[in-house]
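S.K.: Starting off with a structure, shown below.
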Amino acid sequence: MQTGTMRINQKLLQLRSTKHRFVLILLALVIPLSLLAMLAIDRLASNQQPAALSSSSVFGPTLAKILGVSTLLAGLLVFVWSRRGGKDAVGPATAHRDPSDLPDASASIASRFEQQTRAMAAMTELDRAILSRANADRLVDCVLRNALEVLNCPLVAVILIDRDTPTGARTVLVQADTPKEIHNEPSEISLETTQYLAARPDGGPLDNLRDATVLAPLANHGANQFFLWPVYWEGNVSALIAVGLADGCALSADDRTYARDFADRLGVALRTNALEEKVKLHLQLDLTTALLTRDSFKSRMSQEVARARRESRQIALLFVDLDQFKKVNDAIGHARGDELLEQVSLRMKSCLREEDMVARFGGDEFAILLPAIAKGTDAAVVAEKLIAQLALPFNSGGTEQKLTASVGACICPDDGKSVDALFRSADIAMYRAKSAGGGQYAFFEQSTLARIRDRAALESELAEALANKNLCLFYQPQISLENGQIIGAEALIRWSHPKRGLVQPDEFISVAEQCGLIGQLGEFVRATACTQYVSWERDGIAPLRVAVNVSSLEFGSSDFIPRFASVMSESGVRPYCLEVEITESLFLENSGPVKDALDWLHERGIHIVIDDFGTGYSSIAYLKRLPFDTLKLDRAFVKDIGNRDGSEELVVAVLGIAKSLGKSVVAEGVETEEQRDFLIRNGCDSAQGFLWSKPVPAEEFEALCRGWSPAVAATEQSSVG
């Protein structure tokens with residue numbers, strides 16, 4: 001260090017010596033030139049003849065003499081200077097200074113230069129940390145490490161003030177003796193201290209008499225003097241840079257300046273970090289309800305699941321679905337619907353603790369995480385509170401709206417050990433609650449999962465069966481009750497399953513509707529039935545009509561008409577030989593596609609049958625307006641004929657309504673002669689059931705038609721039954 005200081009001292013002396021030599025030479029040249037200029041001006045002013053004046057006549061001899069004298073003078077001065085060793089170059093003050101002072105002065109200059117270099121490197125590293133969007137802990141760590149490198153002090157600390165609790169604080173400090181050890185301790189700060197420092201942007205000393213609590217962590221690590229600089233955010237002191245010194249030590253002006261720079265950098269860093277957190281939080285919240293989004297909820301839940309696993313405790317997940325909210329939303333408009341969802345979110349929050357989490361998953365679905373429960377019944381208590389609160393009337397735009405909610409609950413780790421597994425379990429439980437009527441809660445059960453898996457397997461196998469044509473049609477004859485002849489056939493689909501055997505439509509039609517296969521299934525039934533009917537017609541054994549069932553989902557689709565027309569065109573079947581059976585609930589919908597389809601069928605002479613009449617929303621008013629031909633009496637009424645429980649009166653009423661409207665009636669599920677005779681006496685037109693024949697494959701139906709004898713068939717079937 002001493003050798004380096006001497007070298008710097010020698011360089012400084014050399015620079016100063018060279019500078020003085022240059023000044024003397026410059027003076028030796030400037031003075032003669034100035035005299036020459038004055039001489040020229042004097043001659044021009046003496047009214048000599050201008051034409052006779054020339055540069056050579058004016059400056060020639062004189063210039064040569066002056067330049068010669070100047071050169072001799074400059075050389076003499078340099079010679080004298082070099083002989084004196086440049087002692088006068090440092091000036092009078094230096095000439096009489098003690099030579100031992102020069103190394104100390106140069107050492108001070110070198111020390112300041114080195115500190116400035118370290119400060120520039122430290123500020124650069126801090127700027128990089130800020131630009132890299134480091135979190136608050138990393139920024140504080142960066143400030144402490146670099147401040148300890150730059151400032152001449154044994155201890156540096158950052159005191160972070162709690163924004164929610166202004167007197168609460170956290171002190172993070174590091175010591176020069178152990179720079180790799182970061183101490184993080186809770187502390188307190190008085191409001192008076194905060195106000196005192198807020199009025200001193202350049203910082204200042206603080207002693208224990210003013211606020212011993214905030215200085216305690218520094219004092220515990222050996223500091224006796226304290227200097228603090230405020231860090232501002234939004235006009236308030238949000239943090240402090242603190243320096244601790246031992247007795248007898250002092251901070252230089254440079255140290256104070258650098259400490260202020262660190263405080264400014266920390267302020268920028270904390271502001272940037274806080275704004276980043278605000279933006280992230282905004283992106284994590286649902287705009288309508290200010291609840292967490294699905295992704296942010298899932299991320300936080302994964303942390304809670306991991307913590308629960310480490311601590312061997314239970315957590316509960318609830319899925320909440322608002323029953324029939326779509327209808328309410330369509331009725332009041334989407335703007336009012338959003339207001340309603342906002343009220344729903346507030347009510348749900350009122351049922352939860354501060355540590356519980358709630359999120360909107362989209363639409364009318366919500367998720368709630370209970371991270372600390374003692375037993376599963378705790379989740380049941382919360383579910384009951386939610387259902388009760390959401391059942392209370394809501395005020396939307398001055399009108400009262402009522403909602404109900406279905407809640408599905410599952411427990412970790414019993415019902416799932418991962419986030420995805422818990423989501424699946426809660427979702428299954430929620431749909432179990434909805435299928436039970438809504439407005440209630442249900443817990444996940446393994447048996448439900450088994451049914452779900454079986455259903456998923458059924459969906460996959462059904463799609464494969466459609467692709468491989470493992471489906472077929474059975475036909476049940478429809479009998480005229482007037483003469484006993486076969487007048488029609490209802491086409492009923494069957495699934496020839498390699499393991500399950502012959503699967504009835506009740507087991508897979510709803511699956512097809514829910515998984516989107518109903519369109520393909522319906523098209524297969526129509527194409528097969530139409531082609532078969534044309535074949536029978538060609539063989540001379542065709543009944544009057546063949547009936548096919550159409551799902552309400554398919555009937556209301558926009559492409560139903562073109563697909564139906566395509567089947568008729570390809571098979572060559574005549575329209576009046578077809579009968580389409582649709583449920584009465586479809587008539588109530590009366591949407592554009594449904595009305596168009598009904599009109600299209602009616603205009604082409606295709607018979608329209610209202611299936612399962614009496615089990616839905618039967619209304620004489622809509623029956624009078626609809627273009628249908630036949631009512632089909634549901635088997636639920638037919639089977640109770642003869643039981644004397646009022647069912648016979650209902651059957652008679654339906655038959656009377658049909659006759660008053662000029663419509664025919666076909667009864668299904670007829671199994672006894674008593675039922676047949678009752679229907680005949682009360683004017684029913686036709687019927688089908690096991691009394692005559694069960695549904696049979698096409699080949700058996702052909703044989704049935706060829707050898708049909710009404711009296712014999714009825715006798716045989718009654719003896720079997």
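The values are calculated or read from the model by the stated rules, or taken from the named source; none is laboratory data. In this text the structure is predicted, and so the values were computed from the model without any measurement. Don't worry about glycine lacking a Cβ; one is built from the backbone with ideal geometry, like all the others, and counts go over all protein chains shown.
S.K.: I need every pair where a residue in region 285-306 that is closer than 18 Å to residue 355 by Cα has its Cβ under 8 Å from the Cβ of a residue that is polar (S, T, N, Q) and surrounded by 16 or more Cβ atoms within 10 Å (Cβ to Cβ), sequence separation at least 6 or different chains.
M.R.: Listed pairs, sorted by first residue: 285/293; 285/296; 290/345; 291/345; 292/284; 293/284; 296/284.
S.K.: Could you please let me know if residue 490 is among the charged types (D, E, K, R) and surrounded by 20 or more Cβ atoms within 10 Å (Cβ to Cβ)? Steps first, please.
M.R.: Numbers: among the charged types (D, E, K, R): yes; surrounded by 20 or more Cβ atoms within 10 Å (Cβ to Cβ): yes.
Spelling it out, residue 490 is indeed among the charged types (D, E, K, R) and surrounded by 20 or more Cβ atoms within 10 Å (Cβ to Cβ).
S.K.: Same structure, new question: Of all residues in region 180-236, which are polar (S, T, N, Q) and over 46 Å from the mean Cα position of the chain (by Cα)?
M.R.: Of everything in region 180-236, those that are polar (S, T, N, Q) and over 46 Å from the mean Cα position of the chain (by Cα) turn out to be 208, 220, 224, 225.
To keep it simple, each residue is scored yes or no on (1) among the charged types (D, E, K, R); (2) in contact (Cβ under 8 Å) with a residue 60 or more places away in the chain; (3) in contact with a strand residue (DSSP E or B) (Cβ under 6 Å, 6 or more places away or on another chain).
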position	(1), (2), (3)
163	yes, yes, no
167	no, no, yes
170	yes, no, yes
175	no, no, yes
184	no, no, yes
187	no, no, yes
193	no, no, no
200	yes, no, no
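S.K.: Name the single residue, out of those in region 165-184 being among the β-branched types (Val, Ile, Thr) and outside any loop (DSSP other than H, G, I, E, B), that is nearest to residue 238 (Cα to Cα).
M.R.: Taking region 165-184 first, the residues among the β-branched types (Val, Ile, Thr) are 165, 167, 171-172, 174, 178, 182.
With outside any loop (DSSP other than H, G, I, E, B) added as a condition, the list becomes 171-172, 174.
Details: 171: 12, 172: 14, 174: 20 Å.
Per the stated criteria, the residue is 171.
S.K.: Filter region 123-134 down to the residues that are surrounded by 13 or more Cβ atoms within 10 Å (Cβ to Cβ) and in contact (Cβ under 8 Å) with a residue 60 or more places away in the chain and list them by number. Before you say what the answer is, go through the steps one by one.
M.R.: As a first pass, look at region 123-134 and keep what is surrounded by 13 or more Cβ atoms within 10 Å (Cβ to Cβ): 123, 125-127, 129-130, 134.
Within region 123-134, 123, 126, 127, 129, 130, 134 qualify.
S.K.: Hey, any hits in region 344-353 for a residue that's among the aliphatic types (A, V, I, L, M), at pLDDT below 90, surrounded by fewer than 18 Cβ atoms within 10 Å (Cβ to Cβ) and not in a strand (DSSP E or B)?
M.R.: Initial filter on region 344-353 (among the aliphatic types (A, V, I, L, M)): 344, 346, 348, 352.
Within this subset, residues satisfying the condition of being at pLDDT below 90 are none.
No: region 344-353 contains no residue that is among the aliphatic types (A, V, I, L, M), at pLDDT below 90, surrounded by fewer than 18 Cβ atoms within 10 Å (Cβ to Cβ) and not in a strand (DSSP E or B).
S.K.: Anything in region 638-683 that is among the charged types (D, E, K, R) and more than 57 Å from the chain's Cα centre (by Cα)? List them, or say none.
M.R.: Here is the first cut: in region 638-683, the ones among the charged types (D, E, K, R) are 639-640, 644-645, 648-649, 659, 663, 668, 671, 673-674, 676-677, 681.
If the condition is that a residue be among the charged types (D, E, K, R) and more than 57 Å from the chain's Cα centre (by Cα), then 644, 645, 648, 649, 659, 671, 673, 674, 676, 677, 681 are the ones that fit.
S.K.: Tell me the residue from 429, 405, 433, 465 that is in the same structural domain as residue 499 (by TED's automatic domain parsing) and buried (at least 16 other Cβ atoms within 10 Å of the Cβ), please. Reasoning before the result, please.
M.R.: Numbers: 429 fails: in the same structural domain as residue 499 (by TED's automatic domain parsing); 405 fails: in the same structural domain as residue 499 (by TED's automatic domain parsing); 433 fails: in the same structural domain as residue 499 (by TED's automatic domain parsing).
None of the other options fit; the residue is 465.
S.K.: Select from region 135-152 the residues that are buried (at least 19 other Cβ atoms within 10 Å of the Cβ), part of a loop (DSSP other than H, G, I, E, B) and under 43 Å from the mean Cα position of the chain (by Cα) and list them in ascending order.
M.R.: none
S.K.: Exactly one of (1) touching a Phe, Trp or Tyr at 6+ places or on another chain (Cβ under 9 Å); (2) without any contact (Cβ under 8 Å) to a residue 60 or more places away in the chain; (3) of a type in the set (A, V, I, L, M, F, W, C) is unmet by residue 463. Its number?
M.R.: Only one criterion is unmet by residue 463, namely (1).
S.K.: Follow-up. Select from region 256-277 the residues that are among the charged types (D, E, K, R) and in contact with a helix residue (DSSP H, G or I) (Cβ under 8 Å, 6 or more places away or on another chain) and write down the one among them that is surrounded by the fewest Cβ atoms within 10 Å (Cβ to Cβ). Let's see the steps before the verdict.
M.R.: Narrowing region 256-277 to residues among the charged types (D, E, K, R): 256, 260-261, 264-265, 271, 276-277.
Right, trim to in contact with a helix residue (DSSP H, G or I) (Cβ under 8 Å, 6 or more places away or on another chain) and you get 261, 265.
On the way: 261: 18, 265: 24.
Per the stated criteria, the residue is 261.
S.K.: If I ask for residues that are in contact (Cβ under 8 Å) with a residue 12 or more places away in the chain and over 16 Å from residue 160 (Cα atoms), which ones from region 221-249 would you list?
M.R.: Those that are in contact (Cβ under 8 Å) with a residue 12 or more places away in the chain and over 16 Å from residue 160 (Cα atoms): 221, 222, 223, 224, 225, 226, 244, 245, 246, 247, 249.
S.K.: With the structure loaded, tell me whether residue 223 is crowded, with 22+ Cβ neighbours inside 10 Å, among the small types (Gly, Ala, Ser) and out of contact with any Gly (no Cβ under 9 Å at 6 or more places or on another chain) or whether it fails that test. Walk me through it before giving the result.
M.R.: Values: crowded, with 22+ Cβ neighbours inside 10 Å: yes; among the small types (Gly, Ala, Ser): yes; out of contact with any Gly (no Cβ under 9 Å at 6 or more places or on another chain): no.
Against the criterion (crowded, with 22+ Cβ neighbours inside 10 Å, among the small types (Gly, Ala, Ser) and out of contact with any Gly (no Cβ under 9 Å at 6 or more places or on another chain)), residue 223 does not qualify.
S.K.: Being of a type in the set (D, E, K, R), under 20 Å from the mean Cα position of the chain (by Cα) and assigned by TED's automatic domain parsing to the domain that holds residue 410: is that true of residue 295 here? Before you say what the answer is, go through the steps one by one.
M.R.: Working: of a type in the set (D, E, K, R): yes; under 20 Å from the mean Cα position of the chain (by Cα): yes; assigned by TED's automatic domain parsing to the domain that holds residue 410: yes.
Judged against the criteria, residue 295 is a match.
S.K.: Just a yes or no: is a residue in region 655-665 more than 21 Å from residue 579 (Cβ to Cβ), out of contact with any strand residue (DSSP E or B) (no Cβ under 9 Å at 6 or more places or on another chain) and outside any loop (DSSP other than H, G, I, E, B)? Outline the logic, then answer.
M.R.: Just the residues of region 655-665 that are more than 21 Å from residue 579 (Cβ to Cβ), to begin with: 656, 660.
Within this subset, residues satisfying the condition of being out of contact with any strand residue (DSSP E or B) (no Cβ under 9 Å at 6 or more places or on another chain) are 656, 660.
Imposing the further condition that a residue be outside any loop (DSSP other than H, G, I, E, B) reduces the set to 656, 660.
Taking every residue of region 655-665 in turn, at least one turns out to be more than 21 Å from residue 579 (Cβ to Cβ), out of contact with any strand residue (DSSP E or B) (no Cβ under 9 Å at 6 or more places or on another chain) and outside any loop (DSSP other than H, G, I, E, B).
S.K.: Which of the residues spanning region 173-206 are closer than 21 Å to residue 261 by Cα and among the basic types (Lys, Arg)?
M.R.: 200
S.K.: Something else about it: Just checking, does region 584-605 include any residue being crowded, with 21+ Cβ neighbours inside 10 Å, outside any helix (DSSP H, G or I) and either modelled with pLDDT of 80 or more or touching a helix residue (DSSP H, G or I) at 6+ places or on another chain (Cβ under 6 Å) (or both)?
M.R.: Taking every residue of region 584-605 in turn, none turns out to be crowded, with 21+ Cβ neighbours inside 10 Å, outside any helix (DSSP H, G or I) and either modelled with pLDDT of 80 or more or touching a helix residue (DSSP H, G or I) at 6+ places or on another chain (Cβ under 6 Å) (or both).
S.K.: Could you grab me the full set of residues in region 313-336 that are polar (S, T, N, Q) and assigned to a helix (DSSP H, G or I)?
M.R.: If the condition is that a residue be polar (S, T, N, Q) and assigned to a helix (DSSP H, G or I), then 329 is the only one that fits.
S.K.: From the list 539, 596, exactly one residue is acidic (Asp, Glu) and free of Cβ contacts under 8 Å to residues at least 60 places away in the same chain. Which is it? Can you show your working first?
M.R.: Values: 539 fails: free of Cβ contacts under 8 Å to residues at least 60 places away in the same chain.
Only one candidate passes the filter, namely 596.
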